[in-house]
Amino acid sequence: MDNHIKNLYEEYKSGRSSRRDFLRKLVMYTGGTAAAMAVLPALGEEIINPDELQDFPGLVTEFIKYPGATGDIRAYLARPAEQKKYPAVIVIHENRGLVPHIQDVNRRMAREGFLSLAPDALSPVGGTPDDISNVGELFKKLNNEETVKNFVAAVKYLETHPNSNGKVGCTGFCWGGAMTNQVAVNAPTLKAAVPYYGRQPAVEDVPKIKAAIMAHYGENDQGINAGIAAFEEALKKANIEYKIFIYPGAGHAFNNDTGPRYNEEAAKLAWKRTVDFFKEKLT
């Protein structure tokens, strides 16, 4: 059995996490309610009501396809269940692809009151595989210019979605943080961009940005942070609205609560700032 699942169960049985939190993460790691139900007996747990495994009541979620520069792009869409128009946000994954963690982040954004879309950048090369041990090889096959266009197409898709108010923001993590910056450069109708520890755009491209920027960085992320000063200077010169936050004691990937570099304090503060920023700029 996967060590992640064993550790989750040990945390739950020791009282260090709630049953709801245990079940939520079990569904995420196993890939769905049915798989989680199948795993529970092996853990010594009785089969429970499947309704208890529904981590996202009140949400409508589905995998969709939208037209991109390279053809149809697969994406995970989530929104509150009430049939009305919502501000829209694109969530861009790390360099591991559209994994369950990012799907969960997408649902979190929807719970905050957004129409949230997480595209799979690997769609042109077959999509994010179940086994991501060699996913880096798939990323090497992507054409960067076409990949940027595929995400810019997501902006257009959300602007005209029947459940969108027409205003679109974008956020992303690691590889997705860098891509968020590229979306800001290349999508003039984007209203707000929130890159997390993402490589900054070329200084000469910064004046093309029309969106308001909020950038999050970990203090202990020297490689990425080396580009902050030039980025900030370019934003100032171009008179672009921006906020930059550097989180003490945090490193790269501090928002990923399934990884070893997760920093709860930094992640929660950055998330609150992100949500508040999107609500200000997109509503």
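The values are calculated or read from the model by the stated rules, or taken from the named source; none is laboratory data. As the structure is a prediction and not an experimental result, all values here were calculated from the model. As a convention, Cβ positions derive from the backbone with ideal geometry for all residues, glycine included, and neighbour counts pool all protein chains shown.
A few remarks follow.
- Residue 141, sole failed condition from (1) closer than 30 Å to residue 283 by Cβ; (2) more than 18 Å from the chain's Cα centre (by Cα); (3) basic (Lys, Arg): (1)
- Residue in region 96-117 that is under 20 Å from residue 26 (Cα atoms) and in contact with a His (Cβ under 6 Å, 6 or more places away or on another chain) present: yes
- Enumerated helices (runs of 4 or more DSSP H) restricted to region 189-283, each holding at least 2 residues that are aliphatic (A, V, I, L, M), buried (at least 20 other Cβ atoms within 10 Å of the Cβ) and on the phi > 0 side of the Ramachandran plot: none
Results for (1) in contact (Cβ under 8 Å) with a residue 60 or more places away in the chain; (2) under 23 Å from residue 188 (Cβ atoms); (3) not charged (D, E, K, R), shown as yes or no for each residue.
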site: 212; (1), (2), (3): yes, yes, yes
site: 229; (1), (2), (3): no, no, yes
site: 232; (1), (2), (3): no, yes, no
site: 241; (1), (2), (3): no, yes, no
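- Screening 74, 16 for residues that are surrounded by 11 or more Cβ atoms within 10 Å (Cβ to Cβ) and either at pLDDT below 85 or not in a helix (DSSP H, G or I) (or both) leaves exactly one candidate, 74.
- Matching residues in region 90-146 - criterion: being among the small types (Gly, Ala, Ser) and not in a helix (DSSP H, G or I): 97, 113, 116, 118, 121, 126, 127, 133
- Residue within region 155-175 that is in contact with a His (Cβ under 9 Å, 6 or more places away or on another chain), part of a helix (DSSP H, G or I) and either closer than 18 Å to residue 275 by Cβ or of a type in the set (A, V, I, L, M, F, W, C) (or both) present: yes
- If you go through region 167-188 and pick out every residue that is in contact (Cβ under 8 Å) with a residue 24 or more places away in the chain and surrounded by fewer than 24 Cβ atoms within 10 Å (Cβ to Cβ), you end up with 5.
- Residues located in region 1-13, provided they are loosely packed, with under 15 Cβ neighbours inside 10 Å and of a type in the set (A, V, I, L, M): 1
- Residue in region 115-138 that is charged (D, E, K, R), more than 29 Å from residue 23 (Cα to Cα) and either modelled with pLDDT under 95 or in the same structural domain as residue 179 (by TED's automatic domain parsing) (or both) present: yes
- Evaluation of residue 82 against the conditions (1) within 27 Å of residue 29 (Cβ to Cβ); (2) surrounded by fewer than 16 Cβ atoms within 10 Å (Cβ to Cβ) shows that the sole unmet condition is (1).
- Test: residue in region 243-261 that is farther than 21 Å from residue 169 by Cα, out of contact with any strand residue (DSSP E or B) (no Cβ under 9 Å at 6 or more places or on another chain) and among the aromatic types (Phe, Trp, Tyr): no
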